[in-house]
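Take a look at the structure set out below.
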Amino acid sequence: MEKDMIVLCMIGAFVLGSVPFGLIVARTKGIDLRKVGSGNIGATNVLRSVGKWAALFTLAGDMLKGVLAVILARHLSLGESAVGLIGIFAILGHDFSLFTRFKGGKGVATSLGVLLVYSPAVGGASVAIWIIALAVWKYSSLSALMAFFFVPLDIYLFDYSANKLIFGIIIMLLMIYKHKGNIERLIKGTEPGIIKK
């Protein structure tokens, strides 16, 4: 019975994660986010293409998807490993959205939302690294990569368990995978800053 509940929650988390807040917000302004800027449906492209308030709403919505998925799993007392797995499925839903032919966002905000509930100390450290890196270097992609590169180490230092460490490694690898193009542009020096000139 518990296994069935876990599977249902994984499916529900994926569907919840698939909700494309950035796309919805941009459409209220008559903009198809997939056809402007980087073509990404996340908050950074919303900021560049629509504006800061739309980007803040997108950021909050994408984070909320991760928060709700983990809160629900915790409420159902499904256990640490199941809660982490359900959180990962919310991130996967954002990364490979059902509503955009599996072409989703980078998963930064949703991953932060998951982390802030699943492991608040690690989530807080990730947010701090992200903000500091963004303030110093002005690259959204680099800030995200730095924040999530340190997640496994942060888990080891602040909130260790074998299950959480595996969870941290998975979301770090997901973040690297989704930022492959950004990494190439960062190396070449062609990556646009947070505000594209």
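The values are calculated or read from the model by the stated rules, or taken from the named source; none is laboratory data. Just so you know, these numbers come straight off a predicted model, no measurement behind them. Neighbour counts are summed over all protein chains in view; Cβ atoms, including those assigned to glycine, are modelled from backbone coordinates with ideal geometry.
Regarding segment 60-83, can at least one residue be identified that is over 19 Å from PRO120 (Cβ atoms) and buried (at least 20 other Cβ atoms within 10 Å of the Cβ)?
Of segment 60-83, the ones over 19 Å from PRO120 (Cβ atoms) are 61, 76.
Checking which are buried (at least 20 other Cβ atoms within 10 Å of the Cβ) leaves us with none.
No, because not a single residue in segment 60-83 is over 19 Å from PRO120 (Cβ atoms) and buried (at least 20 other Cβ atoms within 10 Å of the Cβ).
Quick check on LEU72: is it within 28 Å of LEU134 (Cβ to Cβ) and under 19 Å from the mean Cα position of the chain (by Cα)? It would help to see each step written out before you state the result.
Numbers: within 28 Å of LEU134 (Cβ to Cβ): no; under 19 Å from the mean Cα position of the chain (by Cα): yes.
It is false that LEU72 is within 28 Å of LEU134 (Cβ to Cβ) and under 19 Å from the mean Cα position of the chain (by Cα).
Which one of ALA13, ALA43 is under 17 Å from the mean Cα position of the chain (by Cα) and at pLDDT 95 or above?
Working: ALA43 fails: at pLDDT 95 or above.
None of the other options fit; the residue is ALA13.
Within segment 129-186, restricting attention to residues that are over 21 Å from TYR118 (Cα atoms) and among the aromatic types (Phe, Trp, Tyr), which residue is modelled with the highest pLDDT?
TYR177
Does segment 96-111 hold any residues that are assigned to a helix (DSSP H, G or I), surrounded by 24 or more Cβ atoms within 10 Å (Cβ to Cβ) and in contact with a Ser or Thr (Cβ under 9 Å, 6 or more places away or on another chain), and which are they? Even if it seems obvious, please write down each step before you answer.
Keep residues of segment 96-111 that are assigned to a helix (DSSP H, G or I), which gives 98-100, 108-111.
Those still in the list that are surrounded by 24 or more Cβ atoms within 10 Å (Cβ to Cβ) too: 108-111.
Those that are assigned to a helix (DSSP H, G or I), surrounded by 24 or more Cβ atoms within 10 Å (Cβ to Cβ) and in contact with a Ser or Thr (Cβ under 9 Å, 6 or more places away or on another chain): VAL108, ALA109, SER111.
Do you know which residues across segment 1-54 are touching a helix residue (DSSP H, G or I) at 6+ places or on another chain (Cβ under 6 Å) and aromatic (Phe, Trp, Tyr)?
Selection gives PHE14, PHE21.
Step by step: first the residues of segment 142-177, then only those that are in contact (Cβ under 8 Å) with a residue 60 or more places away in the chain and of a type outside the set (A, V, I, L, M), then the one that is surrounded by the most Cβ atoms within 10 Å (Cβ to Cβ). Which residue is that?
If we take residues in segment 142-177 being in contact (Cβ under 8 Å) with a residue 60 or more places away in the chain and of a type outside the set (A, V, I, L, M), then PHE167 is surrounded by the most Cβ atoms within 10 Å (Cβ to Cβ).
Tell me which residues, restricted to segment 1-39, are part of a loop (DSSP other than H, G, I, E, B) and farther than 26 Å from LEU85 by Cβ.
Of the residues in segment 1-39, the ones part of a loop (DSSP other than H, G, I, E, B) are 1, 19-20, 28-32, 36-39.
Answer for segment 1-39, where residues must be part of a loop (DSSP other than H, G, I, E, B) and farther than 26 Å from LEU85 by Cβ: THR28, LYS29, GLY30, ILE31, ASP32, VAL36, GLY37, SER38, GLY39.
Write out, first by first residue and then by second, each pair whose Cβ atoms fall under 6 Å of each other, whose residues are 6+ apart or on separate chains, and whose first residue, in segment 108-125, is at positive phi while the second is part of a helix (DSSP H, G or I) and of a type in the set (Val, Ile, Thr).
none
Only residues that are buried (at least 16 other Cβ atoms within 10 Å of the Cβ), small (Gly, Ala, Ser) and farther than 26 Å from LEU23 by Cβ: list them for segment 112-136, please.
First, the residues of segment 112-136 that are buried (at least 16 other Cβ atoms within 10 Å of the Cβ): 112-119, 122-123, 125-126, 129-130, 133-134.
Adding the requirement that they be small (Gly, Ala, Ser) leaves 113, 119, 123, 125-126, 133.
Across segment 112-136, the qualifying residues are SER119, ALA125, ALA133.
I'd like the residue in segment 87-113 that is of a type in the set (Val, Ile, Thr) and in contact with a Phe, Trp or Tyr (Cβ under 9 Å, 6 or more places away or on another chain) and, out of all such residues, is nearest to ARG34 (Cα to Cα).
Applying the first criterion (of a type in the set (Val, Ile, Thr)) to segment 87-113 yields 88, 91, 100, 108, 110.
From the residues that got through so far, the ones that are in contact with a Phe, Trp or Tyr (Cβ under 9 Å, 6 or more places away or on another chain) too are 88, 108.
Values: ILE88: 24, VAL108: 18 Å.
The extreme case among them is VAL108.
In this structure, is ALA90 over 13 Å from the mean Cα position of the chain (by Cα), of a type in the set (A, V, I, L, M) and within 28 Å of ILE194 (Cα to Cα)? First the steps, then the outcome.
On the way: over 13 Å from the mean Cα position of the chain (by Cα): no; of a type in the set (A, V, I, L, M): yes; within 28 Å of ILE194 (Cα to Cα): yes.
Judged against the criteria, ALA90 is not a match.
From (1) part of a helix (DSSP H, G or I); (2) more than 14 Å from the chain's Cα centre (by Cα); (3) in contact (Cβ under 8 Å) with a residue 12 or more places away in the chain; (4) closer than 23 Å to PRO192 by Cβ, pick out the condition that doesn't hold for LEU59.
Failed condition: (2).
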